[in-house]
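A quick write-up on the structure given underneath.
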Amino acid sequence: MELKSGTMVIPANGHDICNYLARYGVANCQIQAVLGISGRLDYDRLKRAFRLSVDAEPVFGCQFVEDEQPYWKRRDKIDDLEFCAFEEAENPEDAIRKFIERPLDMDNDPMVKAKLIRSWTDDILCIKVNHACCDGTGVKEYIRTLADIYSAMRNDGSCYIPESRIAGRKDQDRMFDNLGVDPESAWNPFQDAPWVPWPFPWKSYGDNDITYTISRFTEREFRNIKKFAKKNGATINDLLLTAYYRSMFELCKVPCGIPMDISSTIDLRRYLPGSRTNAIRNFSGGFTTRIPREQDESFKGTLYRIIYTVKAIKEKIPGLQNALGAERVEKMNFILLREYMKTLGELNETANRRLVFGGGLCYPGLSNLGLISDSIIRFGKTAVTDAYIIGPAVRMPGFLLLAGTYNNRMSLGAAYYLNSVSSEDVEKLLDKIRKELIENCL
């Protein structure tokens, strides 16, 4: 932390700034997790764990302060904030949906908000995180941190003080040092070719309300997918990309021979010694695959083209240009950058409203978080038996699918703006992807 006007603050890094500015016509900037609990959690103990979690990871107890060089500032009267609410629900699925569809107040709410939903038999813990302070991997880390704090606390109210972790520049510096990259000279804004957009069944530009669709794979189905991946020298991400491409080819009626793009996120922690940052934060990049549709191609045929394409990309340090770009954003005048993004968002909205009649352009993306946890998460003696994560809702022409796996169950879902695309079309896309994977990975 640094000292600013007598207050301890955390500098905002370039990744934080980009995600914060995404509010201007790009996305709703929130990541959400749903944890199925086998049994009951102690609500009072859970509330104390949430309060202590913002001491363990101080960025969650901060507000983003807009300045020429923006920063995170510790919130005033933090003990008065409600991080976690409670609800007894006769229809827990309806309660989950209402929680997910209710947006964060990006300026006034804490960086993390939660609700413990109590059904007749079990509890469900829903967590909502502001994407400006951390990415999907950060949300996974936060869930583990919260569970560890809850487990370390005593029911008798004894004081427990978690160790505090502070984010800073060391992660970027360690990454560039590990890669042998000079961030000043390695930046190449023209390295990535422009995306090729897809036709997509948009209905309208939509409003600010969101909804979501999620598809779940059973333990048996996921086991078959893993076996098929191993047998064919593929990753789960290769299979997801293959099914995504084939489903989009069909849904969007793409002609053969035209190379089409899908972007994928990549965790930049892979380039750090130990693959772990000093504290929970944003540290993600991306890469783009480009393949054409081929007439009457088999699933394996598409898969092998994906494997070859992704392998070639991974030989060139994917995500590096995103990290280098974030370095440059960090050095810009934030106030000028914010005004530019506001204007750009307004122009995009006007253009999209004109282009959307009968469909429009789409830039699809995939974010595979992998394992939400490689072991069963426990709050004390109480186990989390099920978990899935919902990604940010991205405004048209963007569209994001997010995948994650917990306890041998994979989930694939999308949050999107209400009325911009029909739930039927999103469900159709997810059903096609699911069918591609289940029927071909036997």
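Going through segment 412-442 one residue at a time, which ones are farther than 21 Å from TYR363 by Cβ and either at pLDDT below 95 or outside any helix (DSSP H, G or I) (or both)?
Residues satisfying the conditions are CYS441, LEU442.
Suppose we filter segment 360-377 for residues that are in contact with a Phe, Trp or Tyr (Cβ under 6 Å, 6 or more places away or on another chain) and not in a strand (DSSP E or B); how many remain?
1
Out of all the residues in segment 109-150, which are open to solvent by 10 Å² or more (accessible area, probe 1.4 Å) and farther than 26 Å from PHE283 by Cβ?
Result: LYS115, ARG118, SER119, TRP120, THR121, ASP122, ILE124.
Grab the strands (runs of 3 or more DSSP E) fully contained in segment 25-101, keeping just those with 2 or more residues being acidic (Asp, Glu) and open to solvent by 20 Å² or more (accessible area, probe 1.4 Å). Can you show your working first?
Values: elements: 30-37, 62-65, 71-74, 84-88.
By residue number, 84-88.
Of all residues in segment 269-326, which are buried (at least 18 other Cβ atoms within 10 Å of the Cβ), free of Cβ contacts under 8 Å to residues at least 60 places away in the same chain and of a type outside the set (D, E, K, R)?
Passing the criteria: GLY285, PHE287, THR289, ILE291, PRO318, GLY319, ASN322.
Filter segment 396-411 for residues that are touching a helix residue (DSSP H, G or I) at 6+ places or on another chain (Cβ under 8 Å) and at pLDDT below 95; which is most open to solvent (accessible area, probe 1.4 Å)?
Ranking the candidates gives PRO397 first.
When you go through ILE307, ILE262, ILE225 one by one, which is the residue that is under 20 Å from the mean Cα position of the chain (by Cα) and farther than 30 Å from GLU184 by Cβ? I'd like the intermediate steps shown before the answer.
Details: ILE307 fails: under 20 Å from the mean Cα position of the chain (by Cα); ILE225 fails: under 20 Å from the mean Cα position of the chain (by Cα).
So the residue among ILE307, ILE262, ILE225 that is under 20 Å from the mean Cα position of the chain (by Cα) and farther than 30 Å from GLU184 by Cβ is ILE262.
The values are calculated or read from the model by the stated rules, or taken from the named source; none is laboratory data. Because the structure is predicted, anything quoted here is derived from the model rather than measured. Please note: Cβ atoms are built from the backbone with ideal geometry, for glycine as well, and neighbour counts cover all protein chains shown. Remember, those area values only see protein heavy atoms, side chains included, never the ligands or the DNA or RNA. Shrake-Rupley method; radii C 1.70, N 1.55, O 1.52, S 1.80 Å.
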